[in-house]
1. Beyond a 32 Å Cα-Cα separation, which of these cross-linked pairs lie in this structure: K178/K207; K82/K178; K90/K207?
2. Note the direction-averaged projected area, equal to a quarter of the hull surface, for the Cα convex hull of segment 99-187, in nm².
Amino acid sequence: MKKTSKAFIAVILIGYIIVLIGVSSIGYLVFAGLENEALLDKEFEELDYLINNYDLDNNNIDRKLNSYVTEDDYLVVERAIKNYWKEVVKNCRRLDDIYDNYELYLVLSFSNFYIDAPNFTSSLNIIDASIADLEEVKNNLLYLYDKDTIISYIENYNLDQYFIDYYKDLMIDEEVLKTSIKEIENSINYSTSALQIYDELFLLLQKNQHLWYLGDDGYIYFDDDNLLNEYNRLIYLIENIDFSNTNIEQNI
């Protein structure tokens with residue numbers, strides 16, 4: 001048997017050590033990736049639960065949206081997810097503000113007849129502004145719930161396809177998106193239709209103010225039967241408005 005030189009043995013050992021280091025590094029990267037993925041999966045579930053089960057003004061939602069639990073490429077995915085949800089929450093909060101507008105509440109109360117009659121200028125301005133705001137929020141939400149929009153939040157980052165696919169798996173469910181879009185449209189359209197009835201009522205009284213008056217007993221008296229019939233039709237529609245149909249938070 002030939003004698004192996006010490007130099008040759010040293011080369012073999014160095015090569016073996018390099019392989020071990022490489023395997024260990026790969027093992028560490030795989031472990032770190034799995035750990036980050038598990039953290040992000042858990043973070044996504046908690047965020048989804050908060051948004052769907054608590055009022056949108058809950059401070060925990062903001063804390064969750066503005067803090068991060070992952071690192072490296074997973075952090076990029078996490079930021080994309082949270083940037084997207086920040087926009088959704090912002091628009092839903094704006095929707096809440098429209099519904100909670102005290103001025104609009106006063107306009108829709110019958111005591112407003114004594115305040116703003118006979119021209120109803122302030123009432124009409126508030127209603128028209130509210131309708132415009134609702135339409136804007138609706139368009140924003142429909143844009144956000146478009147699949148291409150959701151993907152756009154991750155597209156501008158130089159990520160491997162694995163992370164893009166992972167983001168899509170978390171964020172895109174075709175059936176959920178379809179249901180949410182339908183609910184957004186139905187809910188906000190119902191709200192704008194309801195406000196348009198009030199708008200129509202005030203315009204009717206404004207244009208025909210010479211044919212009606214407020215009595216001391218609080219009733220409105222009409223000098224024209226056609227006007228009275230149209231007024232009663234609109235009042236009937238108003239009395240049957242179901243504002244519970246305007247709640248879309250449970251579907252965002």
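1. Working: K178/K207 42 Å; K82/K178 21 Å; K90/K207 39 Å.
With Cα atoms farther than 32 Å apart: K178/K207; K90/K207.
2. Averaging across all directions leaves 7.8 nm² for the Cα convex hull.
Bear in mind that the values in this text are calculations on the coordinates, not laboratory data. Please read these numbers as outputs of a predicted model, since none were measured by experiment.
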